[in-house]
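Where a number appears in this text, it was derived from the coordinates with a stated rule and is not lab data. The structure presented is a predicted model; accordingly, all values stated were derived computationally and were not measured. A quick note on method: Cβ atoms are made from the backbone with ideal geometry, for glycine too, and the neighbour counts reach across all protein chains shown.
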Amino acid sequence: MTLIRLLRPTLVAALLAASLAACQTVETTAPGAVGVDRKQRMLVSEEEIEKAAVQSYAQELDKARSKNALNTDARLLARVRGIANRLIPQTVVFRPDAAAWNWEVNVESTDELNAYCMPGGKIMVYSGLVQKLSLTDDELATVIGHEMAHALREHSRERVSRAYAQQLALSGVAAVAGLGQGTVDLVGAIGNVTFQLPHSREQEAEADIIGLELMARAGYDPNAAPSVWRKMAAAQSGSASPEFLSTHPSGASRIADLERNIPKVLPLYQAARKP
């Protein structure tokens with residue numbers, strides 16, 4: 001007999017109501033020049049998610065080290081970190097607290113076409129993404145800025161919250177118990193949303209245009225952004241779909257969205273390029 005069947009319906013309802021009452025509606029970022037102002041509903045705290053991300057990222061670093069694949073290309077590492085270090089100061093436009101994040105930037109040597117930024121600024125770029133797509137610095141800034149935007153908007157926290165909400169709807173009080181189990185469960189959840197579950201189109205659109213503003217403010221040409229997705233689409237037509245596209249779906253519509261938003265950030269790029 002399940003726990004739900006053992007408990008009285010009134011108790012189940014009370015526990016569900018308590019859980020939903022804990023749900024916060026937040027504005028994770030300022031709108032910026034691109035005007036992202038969607039409010040988000042969260043069932044887990046920012047602190048819990050960032051703590052779990054630290055553990056999950058450390059696990060990924062350990063895996064890469066065990067394969068002798070962490071930061072093995074000094075030139076590529078310097079290039080990736082140099083671009084990231086120009087982008088990071090621009091994040092305060094969207095959220096001032098990002099300046100105090102413990103940003104980490106690393107490169108894993110692998111043929112996979114992928115990159116990510118976990119909550120709290122934990123960045124990993126896969127060498128295959130840069131090398132196989134022959135990314136320019138402007139194009140690489142597009143990818144890194146896009147991933148930073150996911151972290152700034154706390155999309156992982158939002159996706160974990162949505163997953164918990166679905167559990168609540170499907171299994172009631174059983175999921176309520178899960179909400180109190182702490183960071184241990186969240187570590188696996190962070191890994192799942194980072195490597196397995198695709199972002200929603202809504203989240204992708206936000207990351208695209210926030211990343212566009214970040215790169216423009218850092219002096220990288222926003223006109224390079226659409227070319228990244230064209231290259232990704234071309235790679236998708238090959239024998240194997242890029243890993244990046246399993247969590248970052250491509251498409252003509254996103255290229256069109258980027259092109260529509262470039263005029264909003266072009267003055268920022270031009271100002272950043274002035275001597």
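The length gained on full extension between GLU259 and ASP62, counted as 0.36 nm times the residue separation minus their Cα-Cα distance, comes to 67.0 nm.
Considering every alpha-carbon pair of the range 68-149, the percent of pairs per 10 Å bin, from zero through the bin containing the longest distance, is 19, 56, 22, 3. Rounded to the nearest 20, the size of the Cβ-charge dipole of the range 92-159 about its Cα centre is 260 debye, with Lys and Arg at +1 and Asp and Glu at -1.
Could you compute the FRET efficiency for LYS132 and ALA99, with r as their C-beta to C-beta distance and R0 at 30 Å, rounded to 0.05? Between LYS132 and ALA99 the formula returns 0.35. A DSSP coil position with no more than 16 other Cβ atoms inside 10 Å describes the following GluC sites (Glu not before Pro) in the range 67-146: GLU112. Sorting the segments 227-233, 130-136, 116-122 by their mean number of nearby beta carbons within 10 angstrom, highest to lowest, gives 116-122, 227-233, 130-136. If R0 is 45 Å, the Cβ-Cβ spacing of THR25 and THR110 corresponds to a FRET efficiency of close to 0.70.
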